[in-house]
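The values are calculated or read from the model by the stated rules, or taken from the named source; none is laboratory data. Values in this document were obtained by computation on a predicted structure and should not be read as measured data. Note that we place each Cβ from the backbone using ideal geometry, even for glycine, and neighbour counts take in every protein chain shown.
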Amino acid sequence: MTKAIPNTSLSRTLLASALASGALAAATPASAERIENGVAVFSALDKVTATIKKLEVPLNETVEFGALKVTPRVCYSRPPTEQPKTTTFVEVDEVGLDGGQKRLFTGWMFAESPALNAVEHPVFDVWLTGCAQPKSQVAQRPVVTPAGDAAGANVPAGEAGEAPPADLPRRRVRR
């Protein structure tokens, strides 16, 4: 019977790899800050006339589209450097022939998944396409290099404001 001898070189390599990946994971945040916006942008379809209209609705205000009244309560997005995630909490009412209102939809809509929570009505469809008029700017995070230093931390005082090199890869976002 042979006894297994642990490969210490392999164990050290695996441990170093695990520690390095853990350090990199700790250096990058898990999620981005959301940006609050003042206007929610919807697309609305009238199925009878086959017309699509863009609705730019300020928060807590109501816009009518046919027999529907659309009222967004909040609209959040992310900075352009992050993966897109645009959401709004909206209330949609239908005005009946007798003038009474009936709530058709209350909930979250997602611009990146319009079919997930869109208003589907026999005559009208309404879905979120984006947000506009950000209320505040999100501060840019410092870029972390593999050495763990923030970019520009060891740069002389006059060179800190320079633009990054043009040969860095650009990130493409599909919508």
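Remarks
- Candidates are the residues of the stretch 93-111 that are closer than 16 Å to T129 by Cα and surrounded by 16 or more Cβ atoms within 10 Å (Cβ to Cβ); the one that is farthest from the chain's Cα centre (by Cα) is M109.
- Within the stretch 42-70, the set of residues being assigned to a strand (DSSP E or B) and among the β-branched types (V, I, T) comprises T51, I52, V57, V63, V70.
- Elements of type strands (runs of 3 or more DSSP E) in the stretch 71-148, at least 3 residues being in contact with a Gly (Cβ under 6 Å, 6 or more places away or on another chain), at pLDDT 85 or above and on the phi < 0 side of the Ramachandran plot: none
- Members of the stretch 71-92 found to be crowded, with 17+ Cβ neighbours inside 10 Å and touching a Phe, Trp or Tyr at 6+ places or on another chain (Cβ under 6 Å), listed by number: T87, V92
- Close Cβ contacts (under 9 Å, 6 or more residues apart or on different chains) running from residues in the stretch 95-111 that are free of Cβ contacts under 8 Å to residues at least 40 places away in the same chain to residues that are of a type in the set (S, T, N, Q) and surrounded by fewer than 14 Cβ atoms within 10 Å (Cβ to Cβ) comprise V95/Q101.
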